[in-house]
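Everything on this sheet refers to the single structure shown next.
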Amino acid sequence: MKKIINPWKEIEGYNCFGCAPHNPAGLQMEFYEDDEEIVSIWKPQPQYQGWLNTLHGGIQAVLLDEICAWVIVRRMQTSGVTSKMETRYRHPISTNDSHVVLRAAIREQRRNIVLIDAKLYNADGKLCTEALCTYFTYPREQAEREMMFRGCDTETEEILPLL
């Protein structure tokens, strides 16, 4: 896998709840490219619980929505917005888990509409939550102008992220 370089991390005012590395209240997600999939490994924390020791469903949705956005950023080299998200909660995730793993990939593309499958696994590798995101993508020029998108690359070295 190769780590994806966050193209917005040095932009003043960038404070995305999902992926801004300097947002103390945010999830501070990082992403990796693994063939056709985008991967993220994230550590659940008690402040994100819904029920006692259980990761809040809204936080799970944010994690899945965010990785779908990064599929667009890296694989399509543009930006856009989620227009629809269908989420299926199969099993609870403990906030005491050492980590969760998210994986997402493009299912289908029709012009500027992209369907993305995303899955969230607990530390034992059990599929807990999945989503189908419908993404409306911007033309590259619009992404540059409105989203300050200048392209998205990976680091050169292959790595194994620490779990």
Check: Which ³J(HN,Hα) values in Hz, rounded to whole numbers, follow from the phi angles of segment 130-141 under the Karplus curve 6.51 cos²θ - 1.76 cosθ + 1.60, where θ = phi - 60° and Gly and Pro get x?
Finding: 9, 9, 10, 9, 9, 10, 9, 9, 8, x, 3, 4
Checklist line | J(HN,Hα) series, segment 16-31, from Karplus relation 6.51 cos²θ - 1.76 cosθ + 1.60, nearest Hz, glycine and proline x | finding: 3, 4, x, 10, 5, x, 9, 8, x, 8, x, 8, 6, 5, 10, 10
Next item on the list: Find the relative contact order for the chain and round it to a whole percent, using C-alpha pairs within less than 8 Å whose residues are 6+ positions apart.
Entry: 26 percent
Note to self: Could you work out [θ]222 nm for the chain from helices alone, using -39500 (n - 2.57) per DSSP H run of at least four and dividing by all its residues? Round to the nearest 500 deg cm²/dmol.
What the structure shows: -4500 deg cm²/dmol
Note to self: What are the ³J(HN,Hα) couplings of segment 68-85, residue after residue, when phi is run through the Karplus curve with 6.51, -1.76, 1.60 and θ = phi - 60°? Round to Hz, x for glycine and proline.
What the structure shows: 5, 4, 6, 4, 5, 4, 7, 6, 9, 6, 7, 9, x, 9, 6, 9, 7, 9
Check: Given H placed on each backbone N at 1.01 Å, which residues far from Gly80 in sequence or on other chains put an amide H within less than 5 Å of it?
Finding: Tyr138
Notebook entry, point to check: Within the chain, what is the longest stretch that has no chymotrypsin sites (Phe, Trp or Tyr not before Pro) placed in a DSSP loop and near at most 15 other beta-carbon atoms within 10 Å?
Noted result: 52-163
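Taken together, the values in this text are just the output of simple stated rules run on the coordinates, not laboratory data. Remember, it's a predicted structure, so these values are computed and weren't measured experimentally. Positions of Cβ are generated from backbone atoms using ideal geometry, with glycine treated the same way; all protein chains shown enter the neighbour counts.
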